[in-house]
Amino acid sequence: MIAQRILAILSAALLVGAVAVALLAPPGMPLGQALLTIDHTMLDVLRSAVERVFAHWMWTEVVLPVLARPAWLPPAALGLICGGL
């Protein structure tokens, strides 16, 4: 019961965040470029953390394709997944 409420709130927050990013960011702005505009060292820190915790293949096969997607897509997808759970 509590888990459903937490997932519903998380889903709503992620979907509202995705809409905000889609409206405020330039159209089609990739997630990687959005992260670079926030902080220029964020991608280097993210890469070193992913390679340290997981493996190099995780960076090239999983994270890089996500960074190439529009900035609104990952929070929208996570919001839909949380809503479905």
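Backbone amide hydrogens, once placed in the peptide plane, bring MET29 within less than 5 Å of ALA71, excluding anything fewer than 5 places away on its chain.
Solvent-accessible surface of region 40-85, averaged per residue with a 1.4 angstrom probe and all protein chains in place: 69 square angstrom. For the chain, the share of accessible area belonging to carbon and sulfur comes to 74 percent (1.4 Å probe, ligands and nucleic acids excluded). One Cα centroid belongs to region 67-85, the other to region 1-24; the line between them spans 10 Å.
In degrees from 0 to 90, rounded to the nearest 10, what is the angle of the helix 73-84 Cα long axis to the longest principal axis of the chain? Helix 73-84 sits roughly 40 degrees off the main axis of the chain. Each of HIS56, LEU85, PRO26 was placed along the dipole of the chain (beta-carbon charges, centred on the mean Cα), and the one lying farthest toward the positive end is LEU85.
Each Lys and Arg Cβ is given +1 and each Asp and Glu Cβ -1; about its Cα centre, the chain then shows a dipole of about 200 debye. The phi torsions of region 49-64, fed into the Karplus equation with coefficients 6.51, -1.76 and 1.60 and a -60° offset, translate into couplings of 5, 5, 5, 6, 7, 9, 7, 5, 5, 5, 5, 6, 9, 10, 6, 4 Hz, rounded to whole numbers, with Gly and Pro shown as x. Each principal axis of the chain carries a Cα extent, and these read 38, 31, 19 Å when sorted largest first.
The values are calculated or read from the model by the stated rules, or taken from the named source; none is laboratory data. None of the values given here were measured: they were computed from a predicted structure. Because the Cβ atoms are built from the backbone with ideal geometry, glycine has one as well, and the counts that use them run over all protein chains shown. Remember, those area values only see protein heavy atoms, side chains included, never the ligands or the DNA or RNA. Shrake-Rupley method; radii C 1.70, N 1.55, O 1.52, S 1.80 Å.
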